[in-house]
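The values are calculated or read from the model by the stated rules, or taken from the named source; none is laboratory data. This one's a predicted model, so the numbers in the text were calculated from it and none came from an experiment. We place every Cβ from the backbone using ideal geometry, glycine too, and count neighbours over all the protein chains shown. Each accessible area value is taken on the protein alone, full model and side chains, heavy atoms only, with ligands, DNA and RNA left out. Shrake-Rupley method; radii C 1.70, N 1.55, O 1.52, S 1.80 Å.
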Amino acid sequence: MLRAFSDWDASLVDRAISLVAEACAVPGLTVRERPRLLDLHGSALLGRYHLSHVPRDLSNAIDRLEEARRAVEQEIGSPYAADVLKSLARAYRYRADARQAGPGRDDPRQFAAKRADVDRAVTTGLAALREHAGDVLLQDSDENALFVARQGTSDATEMARWFLDRGRPGPAIDALELGRSMVLHAATSGAGLGEVLREAGHEGLATEWASQMSGADVGGDLRYRIMVAIEGSGAEAGLFSPPSSGEIGAALTECRADALVYLLPRGEDGTGLGVLVDPDGEVRRVPLPGLYTGTRSPVGTALRARQKAEAASRDQAAAARKDWHEALGELCDWAWRAAIGPVLGAIPARNGRSERRVVLVPGGELGLVAWHAARRPGRGGYQYACRDAVFSYAPSARHFTEAARRRPRPWALDPVLISDSEPSLYVTAVGIGHLYTKHYRAGSVFGYAHSRLASVVPGSAAAKPADVLAALPHETFPGASLLHFGCHGRAHVPALGSRLHLGDGGEVAVRDILRQARKWQAGLSAPAESGGLVVLASCLSDVTEADFDEALTLATAFLSAGAAGVVAARWSVADAQTALFVTVFHHYLNGGHPDPARALRAAQLWMLDPGRVVPDGLPPVLRDEASGPALAHPVAWAGFAYQGQ
């Protein structure tokens, strides 16, 4: 079959299809064999139709795949359901397209038939994505879950584009969110299925699952019994219940935002797109034909330049940094032309406000781009997008809507400030000491910064993992009102393996953070005053180095753990510039801009201002840094981004 289609040998294709048809007619096929063969036969007929466009093949393919669907329904929780439904949905899309393009398309009966096929394609396609999400949930390791999730993401995007083309915006949002939820669950769930079952009180099922993973035969209905057992759990809800466009609109209204925008790069299934949801729950599309990714794209070029600069030896560092700065500038130019210019042009400011607020959900490698630094030439220099609008980011609309429901306490009420215990991060410790003295005297301080303060200040000279976990939501405690990190981190894929290095205190793994948060969420309904602000003043905390998707970052992990918002960095920034930037951010956060997204924007505009006014009381090492001309280059400020409400 594979050779027949790869070579497009018509006679060989016909022979292969005949052989599969004969196999489907063999008496006594098992409940597992029959749907697989029927799916293979229907998919082969669909493949032949795709190449030859013989209508009979399409009709026969749909008949066979409908038969395959009935066959998988004979086994509750069939492991082949996702594949069968995906093939059937594609067949209905083909037939709807054929009826749209064929003769008699204006005939009322033909129109009704096309509409019925669109309905079937939508219903069946979303059912396929939900079955695929179930397959993700039932994987035995994070790595396997991520691999299976990735297979479903492209299907979800392809469906979403088609649904939009057919005037079905609601299902398009469902498809995008189902695709995102698979990756997010695989990346940030922090729990194997056995652990989820045990925490829900299903010790017997967990034991059976472990036995099946080791190769034992535990019966064919285990998958079904597990799915019933986890019904209503956090994992199940996150995977199978995407927020509607109306719910997204309500969250936008709550946060005084003007739009949530999915950014989809162009691919084999269509042009680049911006998919906009407004506060009324209306969905619109903005064609973005110049939005693309890959090794030859501006995104790929900037990525390679950054990685080369970070790995350069001392004698090559200056030249490598110059290349990286130039590539970043070109990326900012492209970002305006390819996406942000057209997107902002499609979003009016509401309620008499002069500025717009936009929540971006970038897909794939687009998560590497600092879209708020998109720029075009203006009077006296570049005009950056952050002057036109307030930007925030979200790994998915679900994460955004959940964060919008959280009610953080005043930032200075119960803060925790953590620095590395090593004296080598001197300027970081100085900055954290200033933050405590200026804004957060009710808080605790850990690390080398604590050594520079009076002994009566709560905390210690080295934070331990237990100190970090104690600052996160647990039991009846909603978590620190603000959790600021000034220490090194290491990003891994999945993000569960990422760690924050605390110096002499050890390191804390994101997996441990998520496990604690999950237990808290399972045992309690979230308090009204839940979720603090997390500030990760460390490099590469909002990006991954191996699987380029914003869904797989340290920032996302903390958002999944219950934070109302996270400020993090997309590339390495010099220690002194980082310390200055986050100090100015906290200055605005506590001085008239309590919304973190707007405080971050204010800090970015301050960096861009050649006449910037230095806040009173800054330590000399930071005050000296504030006069540097390099602060206006996007490498110094654009890497910082905000996710959350």
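General remarks:
- Arg109 vs. criteria at pLDDT 85 or above and part of a helix (DSSP H, G or I): no
- Candidates are the residues of the range 97-106 that are surrounded by fewer than 17 Cβ atoms within 10 Å (Cβ to Cβ) and in a helix (DSSP H, G or I); the one that is modelled with the lowest pLDDT is Ala101.
- Leu622 vs. criteria in contact (Cβ under 8 Å) with a residue 60 or more places away in the chain, open to solvent by less than 40 Å² (accessible area, probe 1.4 Å) and over 29 Å from the mean Cα position of the chain (by Cα): yes
- Some residue of the range 156-169 being crowded, with 22+ Cβ neighbours inside 10 Å and among the hydroxyl-bearing types (Ser, Thr, Tyr): yes
- The range 436-450 - residue that is touching a Gly at 6+ places or on another chain (Cβ under 7 Å) and closer than 15 Å to Thr583 by Cα and, of those, surrounded by the most Cβ atoms within 10 Å (Cβ to Cβ): Ala449
- Within the range 289-306, the set of residues being within 16 Å of Ala320 (Cα to Cα) and of a type in the set (S, T, N, Q) comprises Thr301 only.
- Counting the residues of the range 285-305 that are among the basic types (Lys, Arg) and over 21 Å from the mean Cα position of the chain (by Cα) gives 2.
- Conditions (1) open to solvent by 10 Å² or more (accessible area, probe 1.4 Å); (2) on the phi < 0 side of the Ramachandran plot; (3) at pLDDT below 95: number failed by Leu366: (1)
- Residues of the range 474-481 include at least one that is in a strand (DSSP E or B), under 22 Å from Arg409 (Cβ atoms) and either β-branched (Val, Ile, Thr) or under 29 Å from the mean Cα position of the chain (by Cα) (or both).
- Applying a threshold of 6 Å to beta carbon distances and a minimum spacing of six or more residues, or different chains, the list of pairs starting in the range 102-121 at a residue that is closer than 17 Å to Tyr92 by Cβ and ending at one that is in a loop (DSSP other than H, G, I, E, B) and modelled with pLDDT of 80 or more reads Val118/Arg166.
- Residue list for the range 27-52, restricted to those being under 20 Å from Ala81 (Cα atoms), open to solvent by 70 Å² or more (accessible area, probe 1.4 Å) and in a helix (DSSP H, G or I): Glu33, Arg34, Arg36, Leu40
- Every residue from the range 565-580 that is open to solvent by less than 50 Å² (accessible area, probe 1.4 Å), in contact with a helix residue (DSSP H, G or I) (Cβ under 6 Å, 6 or more places away or on another chain) and in a helix (DSSP H, G or I): Ala576, Gln577, Ala579, Leu580
- Hits in the range 581-600 - residues which are within 28 Å of the chain's Cα centre (by Cα) and open to solvent by 40 Å² or more (accessible area, probe 1.4 Å): Tyr588, His593, Pro594, Arg598
- Tally, over the range 70-96, of residues that are open to solvent by 50 Å² or more (accessible area, probe 1.4 Å) and acidic (Asp, Glu): 2
- Residue within the range 300-318 that is assigned to a loop (DSSP other than H, G, I, E, B) and surrounded by 15 or more Cβ atoms within 10 Å (Cβ to Cβ) present: yes
- Checked against (1) farther than 24 Å from Ile248 by Cα; (2) in contact (Cβ under 8 Å) with a residue 12 or more places away in the chain, Val358 passes all but condition (1).
Conditions (1) small (Gly, Ala, Ser); (2) out of contact with any helix residue (DSSP H, G or I) (no Cβ under 6 Å at 6 or more places or on another chain); (3) in a helix (DSSP H, G or I); (4) surrounded by 17 or more Cβ atoms within 10 Å (Cβ to Cβ), marked per residue:
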position: Lys322; (1), (2), (3), (4): no, yes, yes, no
position: Glu326; (1), (2), (3), (4): no, yes, yes, no
position: Gly329; (1), (2), (3), (4): yes, yes, yes, yes
position: Cys332; (1), (2), (3), (4): no, no, yes, yes
position: Trp336; (1), (2), (3), (4): no, yes, yes, yes
position: Ala339; (1), (2), (3), (4): yes, yes, yes, yes
position: Pro342; (1), (2), (3), (4): no, yes, yes, yes
position: Arg353; (1), (2), (3), (4): no, yes, no, no
position: Leu360; (1), (2), (3), (4): no, no, no, yes
